[in-house]
Amino acid sequence: MADGGKVKISGVVERIVFFNEENFYCVAQMRTAGEPKAQNITITGIMPSLQCGETIEAEGEWVRHSSFGDQFKVKSFQSRLPSGVYGIEKFLGSGLIDGIGPTYAKRIVEAFGEKTLEVIDTDSARLLQVRGIGRERLARIRTSWEEQKGLRDIVIALRVYGIGMSHCVRIMKRFGADAPRIVRQDPYKLAREIDGIGFKTADMIALNSGFSNESRERVCAGVLYALSECEEEGATCALVGELVARASSLLEVDAAKCAEAVSDLAKEGLIKYVGEAIVQRDALDYAERRIANNLKRIAVAPSALPPIKVDIAVDWAVKRAGFEFAQEQRDAVAQALRSKICVITGGPGTGKTTILRALCDILKAKKITPVLAAPTGKAAQRMAESTGSEAKTIHRLLGYEDGKFVYNEYKSIPAKFVIVDESSMLDTRLAASVIAAVPSSAHMLFVGDIDQLPSVGPGNVLRDIIDSNRFPVVRLKRIFRQGSRSQIVSVAHAVLDGDSTMAGVSCAKLDYVNPADDLVFIPADTPEECIGTCARLLKEKIPLWFGMDSISDVQVLAPMHKGTAGIASLNLSLKQQLNANTQHLVYGGTTFSVGDKIMQTRNNYDLDIFNGDMGRVTAIASDKASLLAVFDSRKIALSKSDLADFQQAYAISIHKSQGSEFPIVVIPLMRQHFVMLQRNLLYTAITRGRKKVYVVGNQSAWAAAVKNSRSAERRTYLIPRLLSV
């Protein structure tokens, strides 16, 4: 239908052909409801949260694509519930309603025809008349339908702001039936409580809903957002002056109003003054105090260990190992046994594994079972393999029930000696929780590499503990021979020392790489060439050279998420090259196929999967409403709503790789990554490779990373607290 030069069409979305999560550009197949008969057409345009089975009314124009023929270019569109039998069946069969897949959708529509949605909405008990639907399935359908009603309202309301389906699902899960009201009346709450919805989006919704530019709600929300930005950069607190200046610039309002908002937020208890002109959120104030108080509690309490003749015990461990220890290794074992709180820090190849194995051997000989933990599953697994003792992730060690950890100050872990590996990854909140759960009589050893990237979350716990000089610290500096890993270790330390000459790095074009070399730089002049080279390396060369599975045994680590050589583009390209499986499920614009490597991006205590955990998709449900994935030998079913917290993991960020090692690591390193290029970033990436490391990109990018030793300062208040207890 034409109206003043514009064309309007309506129909049912049959298939999502392509969806870009960054800009919401979508290509879809649609079955029109036009006369004289329905037809299948291709629609293109910016269409956030479009779903298969959805009925839409679109306005736009017809264009001819040189390769794909006639397409309808959408300028604007509205979503509405389907009215025809065909559209209703497609809508119900899309998997949006839990308990209804294509089979049940067909049966329900056959039973109730065009009144199907009315029956589900107002008289759902009649669904029991449909073959196969019992009371349990009916309850699932009722619950899901009510959720979807609210979800549709939210999707329609937020579509104009570019908020996709996955975030709308999070809003519904967090606020339930109250979600539509919150979107209209308290949009800043979305920025505070929903990951992925920033202040700027909430601010746009608020201003369009009638909030004034200088309203108290807006200014207070802006101050909290400015403080959250500091936390995202790693800080646990902020100087009031800097916070006010940041908020004033963000909001474009007078600084005096922002200063007043800081005072108001402090009176309300949302932030605290913790030092002279320093403010902090209540949760981080509590966490830092918790760390300081519990470290002191452990340090001053008598030891639960039986009497140990330390020097004799170290000699025994050396003899058991079958090789001589360096003096600093002996000192590290002895110091850990003598001290209630101790830190051992050093880079790759400095003997940390030897020390941990010796400690565990001594403790087990004394009938003491060491409790070993690490922030990630990969790190815990590596710890267990190297020591011969059980190791757990910190989350699993602490347990989780009814929204909180099982072990805490009031119920301690049953332990006499606790070792936390990869301690540089500990952010303030997690460190506070694990330290609080350690018995006063136990010893606690932190092991880590302070030259790696700091924790993803706010804080710099390991470095602050070291810099406080309150507890014994053993620094491992001597590099021991690492066998096949020698090239990786020596180059990593050269990077750390600021040597940008690439001495010790083998450089060769892809077709001339020597498989025997364990660290190779492969030149690529453009981002497109970089992605192509990475894809060829994984698809052709690595399976040929080493007989390895490029999905399981190789990990691509990239500095940035966006851009041509960013994580999103790499995942799209690598998935196309490495996994041609056609069994898939589409959710939120992401296609999950059998064989895909996926990563959890938020802690999910209900599923016992945590931020950074990686798995493989092993099966897709026949109704395309869920999938099965394996995480460290555990099979876990993931519903569509669970998938909001997952992303493809053929390529992941270097930050997310901390605590893990992979047989082979591939690192795209381009000048386009300049914003993120830092010495500790490159150092961390290189040291993730257990056998081989391939860097693909520009030598100038390598040099830029090595020369940039200035990692952003993390302002914390932990050291003053450690010194005051």
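Of the options Phe77, Leu723, Gly93, report the single residue whose Cα projects farthest towards the positive end of the charge dipole of the chain (beta-carbon charges: Lys, Arg +1; Asp, Glu -1).
Leu723
Residue by residue, what Karplus-based ³J(HN,Hα) values in Hz, rounded to whole numbers, does region 53-67 have, using 6.51, -1.76 and 1.60 with θ = phi - 60° and x for Gly and Pro?
For region 53-67, the Karplus curve yields x, 6, 9, 10, 10, 10, 10, x, 8, 7, 9, 10, 8, 4, 9 Hz.
Could you check what % of the DSSP bridge pairs in the chain are antiparallel, to the nearest 5?
About 60 percent, rounded to the nearest 5.
Taking the Cα centre as origin and putting +1 on Lys and Arg beta-carbons and -1 on Asp and Glu beta-carbons, what dipole magnitude results for region 221-272, to the nearest 20 debye?
Here the size comes out at about 180 debye.
Per residue, how large is the accessible surface of the chain? Use a 1.4 angstrom probe and give square angstrom.
In whole numbers, the chain has 44 Å² accessible per residue.
Whole Å is fine, so just give me how far the alpha carbon centre of region 400-419 lies from that of region 362-397.
After rounding, the separation between the Cα centres reads 16 Å.
In whole Hz, with x marking every Gly and Pro, tabulate ³J(HN,Hα) for region 520-530 from phi via Karplus 6.51 cos²θ - 1.76 cosθ + 1.60, θ = phi - 60°.
The phi angles translate into 10, 9, 10, x, 8, 7, 10, x, 4, 5, 4 Hz.
Please tell me the relative contact order of region 482-561 in percent, rounded to the nearest whole number, where contacts are Cα pairs under 8 Å and at least six residues apart.
Relative contact order of region 482-561: 20 percent.
Report the relative contact order of region 601-716, percent, no decimals, based on alpha-carbon pairs under 8 angstrom and at least 6 residues apart.
Averaging sequence separation for qualifying contacts and normalising by length gives 19 percent for region 601-716.
To the nearest 0.05, what FRET efficiency results for His65 and Asn208 with a Förster distance of 22 Å applied to their C-beta separation?
0.05
Projected onto the charge dipole of the chain (+1 at Lys/Arg Cβ, -1 at Asp/Glu Cβ, origin at the Cα centre), which of Trp702, Ile466, Gly11 gives the Cα projection farthest towards the positive end?
Ile466
Give the residue from Leu638, Leu578, Ser657 lying farthest towards the positive end of the charge dipole for region 577-664; charges sit on Cβ (+1 for Lys and Arg, -1 for Asp and Glu) and the dipole is referred to the Cα centre.
My answer, from the dipole projection, is Leu578.
If you place +1 on the Cβ of every Lys and Arg, -1 on the Cβ of every Asp and Glu, and leave all else neutral, what size is the dipole of region 589-715 about its Cα centre, to the nearest 20 Debye? Display every interim value, and only then the final one.
Values: 18 positive and 10 negative charges, 137 e Å.
With only Lys, Arg, Asp and Glu charged at Cβ, the dipole is about 660 debye.
Which FRET efficiency value, to the nearest 0.05, is calculated for Thr103 and Gln327 with the Förster distance at 60 angstrom and r the Cβ-Cβ distance?
With R0 = 60 Å, the Cβ-Cβ based efficiency is 0.25.
Just report the Cα centroid separation between region 492-560 and region 52-116, whole Å.
Spelled out, the Cα-based centre of one part sits 45 Å from the other.
Given H placed on each backbone N at 1.01 Å, which residues far from Gly697 in sequence or on other chains put an amide H within less than 5 Å of it?
Close amide H contacts, sequence-distant or interchain: Ile522, Ala524, Leu669.
Below 8 Å between Cα atoms, with a sequence gap of 6+, how large is the relative contact order for the chain in percent?
It comes to 10 percent, rounded to a whole number.
In terms of modelled amide H atoms, which long-range or inter-chain residues lie less than 5 Å from the amide H of Ile654?
Under 5 Å from the amide H of Ile654: Ala558.
Between the DSSP loop rule and a limit of at most 13 other Cβ atoms within 10 Å, which chymotrypsin sites (Phe, Trp or Tyr not before Pro) in region 397-439 are left?
Tyr410
Taking 0.36 nm per residue of sequence separation and subtracting the Cα-Cα distance, how much length would be gained by fully extending the chain between Ile46 and Ile312, in nm to one decimal?
Computed gain between Ile46 and Ile312 is 88.6 nm.
Compute, for the chain, the length of the dipole vector about the Cα centre, with Cβ point charges of +1 (Lys, Arg) and -1 (Asp, Glu) only. Units Debye, rounded to 20.
Numbers: 92 positive and 81 negative charges, 359 e Å.
Around 1720 debye, computed over the chain.
Once region 626-670 is represented by equal point scatterers at the alpha-carbon sites, with solvent omitted, what log10 I(q)/I(0) does the Debye formula produce at q = 0.13, 0.20, 0.26, 0.28 Å⁻¹?
Each listed q maps to, in turn, -0.43, -0.87, -1.09, -1.13.
Roll a 1.4 angstrom probe over the protein heavy atoms and tell me the percent of accessible area of the chain that is carbon or sulfur.
With neighbouring chains kept in place, the figure for the chain is 48 percent.
Rounded to the nearest 0.05, what FRET efficiency do Val300 and Lys539 have when you use their Cβ-Cβ distance and R0 = 51 Å?
0.30
With axes computed from alpha carbons, what is the tilt in degrees of helix 377-387 against the longest principal axis of the chain, rounded to the nearest 10 within 0 to 90?
So the inclination is approximately 30 degrees.
Of all trypsin sites (Lys or Arg not before Pro) in region 373-479, which ones are in loop regions per DSSP and have a Cβ with at most 13 other Cβ atoms within 10 Å?
Counting only loop positions with at most 13 other Cβ atoms within 10 Å, the trypsin sites (Lys or Arg not before Pro) in region 373-479 are Lys477, Arg478.
The values are calculated or read from the model by the stated rules, or taken from the named source; none is laboratory data. Predicted model, so just to flag it, every value in this text is computed and none were measured. All Cβ positions, even for glycine, are placed from backbone atoms using ideal geometry, and neighbour counts span all protein chains on display. The protein model used for the area step is the full one, side chains on, heavy atoms only, and it has no ligands, DNA or RNA in it. Shrake-Rupley method; radii C 1.70, N 1.55, O 1.52, S 1.80 Å.
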